[in-house]
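**Q** Pasting in a structure now, in structure tokens, and then I'll have a few things to ask.
The values are calculated or read from the model by the stated rules, or taken from the named source; none is laboratory data. Quantities reported herein were computed from a predicted structural model and do not represent experimental measurements. All Cβ positions, even for glycine, are placed from backbone atoms using ideal geometry, and neighbour counts span all protein chains on display.
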DNA sequence: CGGCATCCCCTCGGATACTG
DNA sequence: CAGTATCCGAGGGGATGCCG
């Protein structure tokens, strides 16, 4: 399951990806960049996610130290989610992913055919 | 921060993450950065992955335009995997993830925590 | 408001065996 | 060498209902 390859690179990529692995984690992190949000505010920004799943993924992000969950002892309850310094340090990556994703989508529409030229280069 | 929703109302961050979602895709992409590798060369670099899964994830990456798969009509067969321009454009992100992952693990060792708990022992 | 509890389905990833 | 073909268990993610 877990191989701790420390220095030789490679594995850190896996480590990082595991932390943001979860259907909605990336988007949640994105919306939390530089912003503190309550549970339902976050839900409103990610309409497709269900409460259960959002809760679960937020808890995992909390467990992994990417965000903090602050419960206010009020009625009605208020719970605020906010990125930790560690979570905020993902900002360049998240923004890069956003840009890359946007460009990818743009390429889908544009006539930028990659062609299905096949493995015609197969030698004799 | 602007929404930047794509045509199907999906966040670009999500789009990007979907493409590299898959237990071994990130590592595979990492190993293919600037390098053309044969199937078994890739396997050797990711010893934990099984044949079936590696094949599947590589095919998905190919389908999504991140790499090319070139089959040489030889005996024994030779299949080379190589990142497309689009795949190579992920390089800064992959490298950033690698660095971030390394720093994350470094932080695990040195007690720099701020939110007291979450230090639950990972019971097997 | 912001959760749990429960049920369920379906995909992902792994193990093993066979083939062109 | 580089794959398919099966089979399988785990769990991620969704739907719904109840609660402090």
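**Q** Confirm whether residue A:44 is at pLDDT 95 or above, under 19 Å from residue B:11 (Cβ atoms) and more than 15 Å from the chain's Cα centre (by Cα).
**A** So residue A:44 passes the test.
**Q** Using the structure shown, decide if residue B:78 is over 18 Å from residue B:20 (Cα atoms) and touching a strand residue (DSSP E or B) at 6+ places or on another chain (Cβ under 8 Å).
**A** It is true that residue B:78 is over 18 Å from residue B:20 (Cα atoms) and touching a strand residue (DSSP E or B) at 6+ places or on another chain (Cβ under 8 Å).
**Q** Which pairs have Cβ atoms under 8 Å, sit 6 or more apart or on different chains, and link a residue in segment B:40-56 that is within 19 Å of residue B:67 (Cα to Cα) and within 12 Å of chain A (Cβ to nearest Cβ) to one that is part of a loop (DSSP other than H, G, I, E, B) and near DNA strand C (Cβ under 8 Å from one of its atoms)?
**A** B:46/B:24; B:49/B:23; B:49/B:24
**Q** In addition: Taking into account only those residues within segment A:62-83 that are within 12 Å of DNA strand C (Cβ to nearest atom) and crowded, with 18+ Cβ neighbours inside 10 Å, which is farthest from the other protein chains (Cβ to nearest Cβ)?
**A** A:81
**Q** Do you know which residues across segment A:30-41 are in contact with a strand residue (DSSP E or B) (Cβ under 7 Å, 6 or more places away or on another chain) and within 8 Å of DNA strand C (Cβ to nearest atom)?
**A** Those that are in contact with a strand residue (DSSP E or B) (Cβ under 7 Å, 6 or more places away or on another chain) and within 8 Å of DNA strand C (Cβ to nearest atom): A:38, A:39.
**Q** In this structure, does residue A:65 turn out to be assigned to a loop (DSSP other than H, G, I, E, B) and touching a residue at least 40 places away in the same chain (Cβ under 8 Å)?
**A** So residue A:65 fails the test.
**Q** I've got another one for you. Tell me, please, whether a residue that is more than 29 Å from residue B:86 (Cβ to Cβ) and within 16 Å of DNA strand D (Cβ to nearest atom) can be found in segment A:86-104.
**A** No, because not a single residue in segment A:86-104 is more than 29 Å from residue B:86 (Cβ to Cβ) and within 16 Å of DNA strand D (Cβ to nearest atom).
**Q** Okay, next question. So which of A:23, A:10 ends up being modelled with pLDDT under 95 and either within 14 Å of DNA strand C (Cβ to nearest atom) or within 13 Å of another protein chain (Cβ to nearest Cβ) (or both)?
**A** Step by step, each of A:23, A:10 is checked, and only A:10 is modelled with pLDDT under 95 and either within 14 Å of DNA strand C (Cβ to nearest atom) or within 13 Å of another protein chain (Cβ to nearest Cβ) (or both).
**Q** Here are some residues: B:79, B:53, B:49. Which one is more than 24 Å from residue A:109 (Cα to Cα) and in a loop (DSSP other than H, G, I, E, B)?
**A** Selected residue: B:49, the only one of B:79, B:53, B:49 that is more than 24 Å from residue A:109 (Cα to Cα) and in a loop (DSSP other than H, G, I, E, B).
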